[in-house]
Structure formats: structure tokens, C-alpha cells
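Step one of this worksheet: look at the structure below.
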Amino acid sequence: MVNATSVAPEKASPASNIFEIAERKDLGDDVFTNVYEQWLPPAARGIYGGAVIALSLAAAQKTLTSDYHIHSCQCTFLHPGSVDCRQTFHVTRAQQGSTFATCTVECRQQDETILIITVSFTRETGDVPGAVEHTAAPFEIPAPPTELCEEQPEWTLTEPFQRRRVDAIDAPASSNSSHNRRIFGQWFRFPGVIPKSGGPGVHLHALAFLTDGYFILGSTPSSYMATPTRIRRRAIISAQAEISSSNGQ
């Protein structure tokens, strides 16, 4: 019998929803697999972690009704994922009440668990006493530049998202504190396909996809960063050419 994850995923085009998943009834209830190949960052050991998180959230969302929305998630990466084969997402509904639900998702690849994630959901109920609300107002930040920065770091050239550095913000550590804390941030944008029929959930999947981008350099081997710039640029240009070829451009 052919292992379900040994089949290579499809190459994504610019019109593809890279978060698309397919149900695998042959593997059991609440089991899904990714349809498209995911991004492999330069010099990384495995596929981009944000993609695995986003696909896991998409799988968990599929097991609940559309009025449940993602509230939080906590994940643990165990092994790198391969770009050459599919992953399967096994969802367990741990708890489901009238206003809250919790799911765990185990992402597997060729019978090896590569990620475990716990996802909490809240359900739209109107003005219900005791409902979860967040009162902290977002920070005022400037709009991103309309043109690409000439000094944009080289490792961002093949990323499947756009990002810009945001100037650090000094803010009070608490409402009654005289001490400030320095907050660093980045502006992110996902330029890919977000289907209109997916509701607000697909935007949260894209947000999860973006948030792991800040840690890419932390998972890049030091030997890669020590490689001369001209060689790294050559590798990036080669990767860009491969992406353009796969997209038929």
C-alpha cells in the first residue's frame, strides 16, 4: 500500500490557494492533507513552519461549524517537514461547548509526527456575559512604504510574503508604570490567494502563516549566514528562477 504522504504535492501557481486541504477519509475521520507544495526557505532543513501552522489551523477549522473562530493556538515543532511529500493533519476534538471549543492537530509525514498544535476557538454568541473580550488598543504605526526598499535584506527576496521593518515604539510597561518598554515590530502582508468563500477564518490562517516569518533567521544554519554574499545571492537568484519556471512565467 502506498504511504499517503509519499505522494508529491502539486506545484502552486499564482492563482492557487496554498492553504487548500483535502479530506482523507481513507485514513480516518477528521484527517486532511495539503494539496500544494509549500515554501522551502533558503538553506532551511525543512518547509516553512508558518505553512504547517496555517494548514493545521485550516484542518482544525474544517471539523467545526463556521461560527467558531480561532482564539489562540500553541504549537510544538518536532521534526522538519519535507517539500517533496505531503503532510497529513489528524484532528482530535478535545472539547466542544456552546461558546468554546478546543482541538488538537497532529501533523504527520511518513508516519513521523512533525508538529503538534492545540487550537482554541470561541463561538459567536452576541452580547453574552462572560464572553472573551480583548481591550488593549493596537499601537499607532505608520503606513508601509509604497515602493520596495533598495536596502531590503537579501533573504527576503524569495519569501512568499512581504514585510517591512517598523520603527521601535516606546510604551509604558503598564497602565500605572513610569517605566517604558521598547516594542519592536514588522509590517507583514500576504500577497497570495485568500478565497472570499472562506470567511474570516482564512484570514487568520494567513496571519498564522506570516507570524512565523520573524523567526526564519533563527532556524537558518550559521554556516549559511557565513557564506560569502555573492554565493548566497547566486543561490537566491537560482531559487527565484525555479519559482518563475514552476509558475509558468
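Tell me, please, whether a residue that is within 19 Å of ILE194 (Cα to Cα) and charged (D, E, K, R) can be found in segment 6-14.
Taking every residue of segment 6-14 in turn, at least one turns out to be within 19 Å of ILE194 (Cα to Cα) and charged (D, E, K, R).
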Does LEU55 count as crowded, with 18+ Cβ neighbours inside 10 Å, at pLDDT 95 or above and under 19 Å from HIS205 (Cβ atoms)? yes
Check HIS90 against each of (1) at pLDDT 90 or above; (2) within 24 Å of PRO160 (Cα to Cα); (3) not hydroxyl-bearing (Ser, Thr, Tyr) and name the one condition it does not meet. (2)
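Counting just the residues of segment 34-51 that are within 16 Å of PHE161 (Cβ to Cβ) and of a type in the set (A, V, I, L, M), which one comes out nearest to the chain's Cα centre (by Cα)?
Of the residues in segment 34-51, the ones within 16 Å of PHE161 (Cβ to Cβ) are 36, 38-42, 44, 47-51.
Subset that is of a type in the set (A, V, I, L, M): 40, 44, 47, 51.
Details: LEU40: 13, ALA44: 16, ILE47: 11, ALA51: 4 Å.
So, considering only residues that are within 16 Å of PHE161 (Cβ to Cβ) and of a type in the set (A, V, I, L, M), the one nearest to the chain's Cα centre (by Cα) is ALA51.
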Can you find, within segment 133-192, the residue that is modelled with the lowest pLDDT among those that are in a strand (DSSP E or B) and of a type in the set (Phe, Trp, Tyr)? PHE184
Of the residues in segment 30-79, those that are within 19 Å of GLU112 (Cα to Cα), outside any helix (DSSP H, G or I) and of a type outside the set (A, V, I, L, M, F, W, C) number 10
In segment 82-107, what residues are under 19 Å from GLU23 (Cβ atoms), surrounded by fewer than 20 Cβ atoms within 10 Å (Cβ to Cβ) and within 17 Å of the chain's Cα centre (by Cα)? THR104, GLU106
Subset tally (residues that are farther than 23 Å from VAL35 by Cα and outside any strand (DSSP E or B)) for segment 80-112: 3
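The values are calculated or read from the model by the stated rules, or taken from the named source; none is laboratory data. None of the values given here were measured: they were computed from a predicted structure. Every residue, glycine among them, receives a Cβ derived from its backbone with ideal geometry; neighbour counts consider all protein chains shown.
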